[in-house]
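The values are calculated or read from the model by the stated rules, or taken from the named source; none is laboratory data. This is a predicted model, so every value here is computed, not measured. Neighbour counts run over all protein chains shown; Cβ positions are idealised from the backbone, glycine included.
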Amino acid sequence: MNTQLFPLLSAISSPADLRQLEEDQLPQVADELRCFLIESVATSGGHFGAGLGCVELTVALHYLFDTPRDRVVWDVGHQAYPHKILSGRANEITTIKQKQGLAPFPKRSESEYDAFGTGHSSTSVSAALGMAIVAAMQEEDRKCVAIIGDGSISAGMAFEALNHGGDLNNDLLVVLNENQMSISPNVGAMTKALGRLMSGPTVTGIRERSKKLIQRDSRTWRFMSRWEEHIKGMVMPSTLFEELGFNYLGPIDGHDLPTLIRTIRTARDVKGPNLLHIITSKGKGYSHAEEDPVKYHAVGPFDPDTGVIPMPSPEPRKPKFTEVFGQWLCDMAEQDSSLLAITPAMREGSGMVEFHQRFPDRYFDVGIAEQHSVTLAAGMACEGAHPVVAIYSTFLQRAYDQLIHDVALQDLPVLFAIDRAGLVGPDGPTHAGSFDLSFMRCIPNMVIMAPADEDECRQMLYTGFRHQGPAAVRYPRGTGPGIEVQKEMTAIPIGKSKVLRDGKDMAILAFGSMVEPCRKVAEQLNATLINMRFVKPLDREAILAAAHNHSCLVTVEENAIAGGVGSGVNETVLASGASIPMLNIGLTDTFIQHGTRGECLRLAGLDANGIMRQITQFREAQYRQNQSPSTASHGIS
């Protein structure tokens, strides 16, 4: 770090150093931190806008709380880059999201300052409350803070935690960081004055002392409580949080550092559950990010002076699977007016921008509420609509109960377009879709498909939409092999695979994204290659034919081996009474860390070389076993 450009920041190797500064030096620290963040992300890429919006908050929290002894829990983690910089990781910040570099989200094993690992949203209040409960039980004078954004607070889990936390008397501070992306209340002198008045130490102190002096069941207590609520109702937002049992502070300008410090200090010293409401701007301090917070939410390397993000190479660009879905969604909606599309706050990520523009009355963004999105679709399906739920694999995990009880149990025609299936790369294990085949294939009534290429993805989406029951199409992040997408849509026979290559000795049964790397392997080994296409129902006829005509079977999937589709093939073969050596290749019983998607696939052994290596080792073990006298005497082949 350049000590001339960042004289104060460069001297901070931990929050303890920050706490040695005078309070009037903190605005300079915030300015340097914001500039350093812009410079760093411009070099390496990463999540950007959310971090810029909470620079002052991060400085204030680490200045006022004795971290890491006091626990600070960041919701999601998009906003945690400034936290990482102040907590001793400034020199490594440009390695974020890279292989063996810093994790993109808070990670307990990375730093003692990361009190809780995050990635999915709306977990901060629950986690911080759990920490506060244990601190009280252990009689530890430890503060616990949860920072949650307005998008994250739309999830039911956040309100469940607030409902519980308000019913307890544990010391907990919840900071609602409202970045004006969903709600845009005015922030100015009046709001600041009200925030200072209602949350200042004088008024708060009077309130707390009054509570001690006045009996809760007295008429005076009831009158004072009603008076306070009426006053707050006139000059403040809803008293929802106070009704839940929290002492509500704010709203205040989250970029006004002196006010922020004064208010957080007050909240820190008030016992029980407190909620501080701050207003911030996503992308604060960088005009390009302020003007287009969606574009600059997460970026690759860019020119910090102009904000220009380099354009990709002029080579013909293959469409991403997300784009294939987005185009299919619009085309299908033109043909069928019963199609309704639902997303849990992932419009851009799921390729639904054009659909939203063209069919606004048939588009439903439910916010970060995955459970609700699935049951909403079930209700729509009950009334004759054909809903499509566009959701990332990792987020579908959060709606598993609804998938089973509300959709599959009632055999409702809901199509799940499951994006980011398999390894996602830079976002790491919190966002990897490693388990959907395992947790879906055990559910009755489900039809599950995995496309090998772009056109197959389109045809499978059409097949699933026309199916009169629950169906899922799961596809990976990024691009496919580059197969031209046909405009015409044709349903694929349910449960039917496709032989891509006839060979000898070995049959490779490949699913979805693993078909392409298996082509090279099949050629080198002169093996039969089957694009299985359907995870459920499996093509039993093709599996048993392959078992009958070959000396071994290999299944390859970009999903956990445990309970995955390879296990389903094993079950099919064993149930038939056939006896044949089988190798299941997929994600082993570990979490693959972040890197590029290619690096993650290589690490998992799911590129062509890794698949070849595993098959070679398997065949060598089979050969040694066949040559062993002990095994030969038992007739093992």
Which members of region 106-128 meet the condition of being more than 30 Å from D167 (Cα to Cα) and either in contact with a Ser or Thr (Cβ under 7 Å, 6 or more places away or on another chain) or touching a residue at least 60 places away in the same chain (Cβ under 8 Å) (or both)? S111
Consider M446 against the criteria (1) touching a Phe, Trp or Tyr at 6+ places or on another chain (Cβ under 8 Å); (2) modelled with pLDDT of 95 or more; (3) under 19 Å from F395 (Cβ atoms): it satisfies all of them except one. Which criterion is unmet? (1)
Considering only region 273-291, I want to know if a residue exists there that is assigned to a loop (DSSP other than H, G, I, E, B) and over 30 Å from the mean Cα position of the chain (by Cα). no
What is the residue count in region 102-114 for residues that are within 22 Å of V174 (Cβ to Cβ) and either in contact with a helix residue (DSSP H, G or I) (Cβ under 9 Å, 6 or more places away or on another chain) or outside any loop (DSSP other than H, G, I, E, B) (or both)? 4
If you go through K84, K99, the only one that is charged (D, E, K, R), assigned to a loop (DSSP other than H, G, I, E, B), under 23 Å from the mean Cα position of the chain (by Cα) and under 30 Å from E39 (Cβ atoms) is K99
Matching residues in region 87-96 (assigned to a loop (DSSP other than H, G, I, E, B) and either surrounded by fewer than 17 Cβ atoms within 10 Å (Cβ to Cβ) or at pLDDT 95 or above (or both)) number 0
If I filter region 325-337 for residues that are in a loop (DSSP other than H, G, I, E, B) and either under 24 Å from G51 (Cα atoms) or at pLDDT below 95 (or both), do I get at least one hit? no
Give all pairs with beta carbons closer than 8 Å in which a residue from region 1-24 that is outside the structural domain of D70 (by TED's automatic domain parsing) and modelled with pLDDT under 95 meets a residue that is exposed (fewer than 13 other Cβ atoms within 10 Å of the Cβ) and in a helix (DSSP H, G or I); count only pairs at least 6 apart in sequence or on separate chains. M1/N91
Looking only at region 561-576, and only at residues there that are among the hydrophobic types (A, V, I, L, M, F, W, C) and assigned to a helix (DSSP H, G or I), the one that is surrounded by the fewest Cβ atoms within 10 Å (Cβ to Cβ): A575
Which of (1) closer than 26 Å to H297 by Cα; (2) surrounded by fewer than 18 Cβ atoms within 10 Å (Cβ to Cβ); (3) touching a residue at least 24 places away in the same chain (Cβ under 8 Å) is the odd one out, the single condition Y392 does not satisfy? (2)
Looking at region 102-152, which of the residues that are of a type in the set (D, E, K, R) and under 14 Å from G428 (Cβ atoms) is surrounded by the fewest Cβ atoms within 10 Å (Cβ to Cβ)? R108
Given the conditions (1) among the charged types (D, E, K, R); (2) crowded, with 16+ Cβ neighbours inside 10 Å; (3) modelled with pLDDT under 95, every one holds for D607 apart from (3)
Filter result for E558 (charged (D, E, K, R) and buried (at least 24 other Cβ atoms within 10 Å of the Cβ)): yes
Which of the residues that make up region 292-307 are of a type in the set (V, I, T), assigned to a loop (DSSP other than H, G, I, E, B) and under 24 Å from the mean Cα position of the chain (by Cα)? V294
For region 1-71, which helices (runs of 4 or more DSSP H) that fit wholly inside it have 1 or more residues that are of a type in the set (V, I, T) and either surrounded by fewer than 21 Cβ atoms within 10 Å (Cβ to Cβ) or at positive phi (or both)? 26-44
Among the candidates G45, G77, single out the residue that is closer than 24 Å to R268 by Cα and at pLDDT below 95. G77
Here the qualifying pairs (Cβ atoms under 6 Å; residues six or more apart or on different chains; first in region 34-50 and closer than 16 Å to D292 by Cβ; second among the β-branched types (V, I, T) and buried (at least 23 other Cβ atoms within 10 Å of the Cβ)) come out as F48/V41
Extreme residue, surrounded by the fewest Cβ atoms within 10 Å (Cβ to Cβ), among residues of region 367-389 that are in contact (Cβ under 8 Å) with a residue 60 or more places away in the chain and part of a loop (DSSP other than H, G, I, E, B): G367
Counted residues, region 432-452 - those being buried (at least 22 other Cβ atoms within 10 Å of the Cβ) and of a type outside the set (A, V, I, L, M): 4
Of (1) part of a helix (DSSP H, G or I); (2) buried (at least 21 other Cβ atoms within 10 Å of the Cβ), I404 satisfies every one except (2)
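Per-residue answers, yes or no, for (1) surrounded by fewer than 16 Cβ atoms within 10 Å (Cβ to Cβ); (2) basic (K, R); (3) in a loop (DSSP other than H, G, I, E, B):
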| site | (1), (2), (3) |
| --- | --- |
| I543 | no, no, no |
| H548 | yes, no, no |
| D589 | yes, no, yes |
| L601 | no, no, no |
